[in-house]
Amino acid sequence: MTRTPSGSRQDSRLGRREVLALSGALGLTSLAGCLDQLPGSGPETIDGDALAAVVDGEAPEISETLPVDIDASFVADQREIAEGKLDSVPAPFDEKQIPNGVIRERANGEYEAAREAIGASSGDGTAYERLDRTTRARASAHEVQTAWRAIEGDATVDDLRESRRTVDADVDALASRWEYVGDDPVRAAVVHAEIEREIRGARNWLSFRERDLEHAAEQPLDFADLAVDVERARTSEAVASYYFDQFREGLGEETTLRERFAAARDTLDERVRTRGESLPEETDDPTSLVDRDVGRTAGVIALDDVLRNARWRTEDRGDGREGPSPASAALAATETLVYLRAFEALRERIEGGDDVAVDEADDVADLRTDAVDAISAAREADRNRLVVDAVLPRFARELRWIDDRISRYEGDTRVDFAEREAAGYVVVAETCRAVPSVSADVAAALRGGDA
């Protein structure tokens, strides 16, 4: 994949510097008149069928986990709640039961979604993934149940208002008894970040206004929307409470870790700030991001994507610096540092002579293989597994989405379209390569050592 500046892609795709050089040598009028004679003046194409075949290879399975024992019985409890809600309604609904086509289609769609999630909850995957499916099934089932009860006149705004008060009190009670305890700061940070996320989610679901309730009184779908928000909050509280109890029960020795998490957050935030200061400004011309003449290749497009992610994460870091979620802040800094390191590595790679360009389907295949290898290497890293496991799925799962898009190509396909998709593989490869080293830095910060 490494090409010299005189390689075929460089000749056929003009970047900013090449255009400026040509305009100076030929004059703008002459350049405009000669465009039809220049290589790349028409859209180049690539075999779309060969491109689609690129994704036939295996993709590494990256499971989402949480370092807490999740009993099968708890997953089964959530599944039974969802099934009980579905069993309480005569779904799927017909025209006689729900004459309104929009409402009927929505309710039946949620019914099918709940059934699918229930089925998937007893299939493959980790306990954490199966629990996630059951909680999604529970929300969809509740929406179906509530919509039907509202149509039948069995659900009122007063009932919903009371449910909201009850769940809000339960969330407050959990927040009062929950403590940042643990016997290993890294494992504890991963678990407490998940508890923070669930509690934060519950509060967000309950944040609708009184006037929203009044409006929903005459709108079955809006009523169901608010009811499912309350149910999601109820589920989040139940899951967070379960995680905390399970985690605490398995501790050998409890240590209060809030100050440790806050110190790690501040250390990592300073690291993000310092490294973020060296980032270039975003630009409409990504070729200007490297100190080398290169066209708008997959590598350059990927570099621009990584920069944008790094910049907005770096600029938004202040939102949670002094907030109540220090464990989440530490893990959020991990993702930001991954983007920062990936940007530096990819820019160095391109400036070193690798255009990371696409001429044919085999080039896309090479970029995909590189991404797969990077995911596999990160998955097999034997140190700092807890942090790696917490952040790697976020970057690795992009590969399947890119695969899905590329699998739809057929016939003659513009090379620049293929290059845009292939850039996603480059982002996956560079970010996943950065995960193990960044995870080591974050684990050291959480343990109070130097990264």
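The values are calculated or read from the model by the stated rules, or taken from the named source; none is laboratory data. These figures come from a predicted structure and were not determined experimentally. Neighbour counts are summed over all protein chains in view; Cβ atoms, including those assigned to glycine, are modelled from backbone coordinates with ideal geometry. Calculation scope for accessible area: heavy atoms of the full protein, side chains included, ligands and nucleic acids excluded. Shrake-Rupley method; radii C 1.70, N 1.55, O 1.52, S 1.80 Å.
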* Taking the mean number of other Cβ atoms within 10 Å as a proxy for protection, how do you rank 76-84, 326-334 from highest to lowest? -> 326-334, 76-84
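Quick one: net charge of A91's neighbours, Cβ under 14 Å, K/R +1, D/E -1? Present the calculation step by step, with values, prior to reporting the outcome.
Values: positive: K85, K96, R104, R106, R115, R149; negative: E83, D87, D94, E95, E105, E110, E112, E116, E143, E152.
Local charge sum for A91: -4.
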* Point-to-point label distance, D124-D354, nm (Cα→Cβ direction, 7 Å offset) -> 3.0 nm
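Mind checking the alpha-carbon convex hull of the range 285-389 and giving the volume per residue in Å³?
Enclosed volume per residue, from the Cα hull, is 115 Å³.
Per-residue ellipticity at 222 nm for the chain, helices alone: DSSP H runs ≥ 4 residues times -39500 (n - 2.57), over residue total, nearest 500 deg cm²/dmol?
-22500 deg cm²/dmol
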* Structure fact -> Between the alpha carbon centres of the range 141-202 and the range 59-121 the gap in Å comes to 18 Å
* Would you mind telling me the share, in percent, of accessible area of the chain contributed by carbon and sulfur at probe 1.4 angstrom? => 45 percent
* Asked: So how long is each side of the range 198-293 along the principal axes, counting just the alpha-carbon atoms, biggest first, in Å?
  -> 62, 49, 21
* Under 1.5 on a/c is rounded, so check that first for the range 72-253, then, if it is not, pick prolate when a/b is larger than b/c and oblate when it is not; a ≥ b ≥ c are the square roots of the alpha carbon gyration tensor eigenvalues. => oblate
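Tell me the relative contact order for the chain as a rounded percent, counting alpha carbon contacts under 8 Å between residues six or more apart.
Details: 632 pairs, mean separation 112.6, N = 451.
Computed over the chain, the figure is 25 percent.
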* Please list the radius of gyration and Dmax for the range 258-447, considering alpha-carbon atoms only, with Å as the unit. => 17.2, 59
* Given a Förster radius of 56 Å and the C-beta distance between D47 and K96 as r, what FRET efficiency does 1/(1 + (r/R0)^6) yield to the nearest 0.05? -> 0.60
* Structure fact -> Here the range 50-61 yields Karplus 3J(HN,Hα) values (6.51, -1.76, 1.60; θ = phi - 60°; whole Hz; Gly and Pro given as x) of 5, 5, 4, 5, 4, 8, 6, x, 5, 10, x, 7
* Structure fact -> Residues meeting the amide H criterion for I46 (H placed from the backbone, H to H distance under 5 Å, 5 or more places apart or on another chain) are T413, R414, V415
* **Sparsely packed GluC sites (Glu not before Pro) within the range 206-306, loop by DSSP, other Cβ within 10 Å at most 16** => E218, E253, E254, E277, E281, E282
* To do: Please compute the Cα-Cα pair-distance distribution of the chain with 20 Å bins starting at 0, giving whole percents from short to long.
  => 21, 44, 30, 5
* Between D168 and E80, how many nm apart are label points set 7 Å from Cα along the C-beta direction? -> 3.1 nm
* Asked: Around Q246, with a cut-off of 12 angstrom between Cβ atoms, what is the net charge of the other residues, counting Lys and Arg +1 and Asp and Glu -1?
  -> -4
* Over the chain, average the accessible area per residue using a 1.4 Å probe and give it in Å², no decimals. => 47 Å²
